[in-house]
Every structure is written in C-alpha cells, then in structure tokens.
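Since the structure comes first, as structure tokens, the remarks are kept for the end.
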Amino acid sequence: MNWQEIDIYVARKDGLYLYDANKNVLNKILDEDIRGATGGQDFVKDAPINLVFVADYSRMGDSPKESKDFYSATDTGFISQNVYLYCTSEGLRTVVRGWVDREKLGKVMKLKENQKIILAQTVGYPGN
C-alpha cells in the first residue's frame, strides 16, 4: 500500500529530532533531553540514541484500526531489523524495547491523536 506511515524520532542528549527520509536529515523538534522517557529501563536515559517509531494513522486511509495496528507493527519490525543490521555492520549495539509508557511519552513528544508509538530502540556503543 506504500502508506509510509512510520516516522522515526531520534532522542539524543541535545534534543528530540524527526528523521526526514526524503532529505536524509534530522529536524529538531524539541530542545530537551527526553531519553529517560523513552523506556522503563535504567540505561535509556544515558544511551547516545533512542529511536522512537511512531505510526501516523492518518496516512493509512479508511483501513480498520485492526489493519492499521497490524501493518504499522509489521512495518516497524522491518525498520528496526534494518537498524540491527546497520548497527552490526558498524560495531554498535542496539535493542528494541516495548517497555514504554506510550501515553506519557506521547505527551512529552507532543504527538497528535492520530499518532501511535509502536516501539523504541536504543543504539549505543559496546561496553555501555
């Protein structure tokens, strides 16, 4: 269907960014460090990068919610697997995390009602 419904947010020490795939750039959307809000594990607040995969249901037309949930989760799986492959090729470490207070994080990120957090993924260095 080529909905391209998944947005990738990048939480870093210097703020929150939204990845623009067409231009291959990060656009800053918040100046605050929200890494600690991206998951329940202690390490997320100190990780160099926490990715947050957000589905924008408004891009998915009139599909039933069940289909939107399924396809956005599936597409996030493909994207996160590519992050795993890249991290392996570059000697980085990564882990996908489902333990996320989605409601709290959505408020911190100022997400709209039609946006749904699917997963978070931490990226860091070996030994950290």
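Since every read-out is calculated from the coordinates, none of them should be taken as a lab result. Small disclaimer: the values here were computed from a predicted structure and weren't measured. All Cβ positions, even for glycine, are placed from backbone atoms using ideal geometry, and neighbour counts span all protein chains on display.
Roughly how far apart, in whole Å, are the Cα centres of the range 62-128 and the range 1-56? About 9 Å separates the Cα centre of the range 62-128 from the one of the range 1-56. When each of Lys23, Lys13 is scored by the number of other beta-carbon atoms lying within 10 Å, the sequence from fewest to most is Lys23, Lys13.
When the charge dipole of the range 64-128 is built from unit charges on Cβ atoms (+1 for Lys and Arg, -1 for Asp and Glu) and taken about the Cα centre, the candidate among Cys87, Asn114, Trp99 whose Cα reaches farthest toward its positive end is Asn114. Each residue of the range 15-24 was assigned a 3J(HN,Hα) from its phi angle through the Karplus curve 6.51 cos²θ - 1.76 cosθ + 1.60 (θ = phi - 60°); the sequence is x, 10, 10, 10, 7, 9, 5, 5, 9, 6 Hz, with glycine and proline shown as x. Applying 1/(1 + (r/R0)^6) with r as the Cβ-Cβ distance of Lys23 and Glu113 and R0 = 22 angstrom yields a FRET efficiency of 0.25. Mean residue ellipticity, 222 nm, helices only, the chain: the sum of -39500 (n - 2.57) across DSSP H runs of n ≥ 4, divided by residue count and rounded to 500, is -9000 deg cm²/dmol. Provide the net charge surrounding Gly36, with neighbours chosen by a C-beta distance below 10 Å and charges set as Lys +1, Arg +1, Asp -1, Glu -1. My count for the surroundings of Gly36 gives -1. Each of Thr74, Thr122, Thr94 was scored by other Cβ atoms within 10 Å of its Cβ. Arranged with the fewest first, they read Thr74, Thr94, Thr122.
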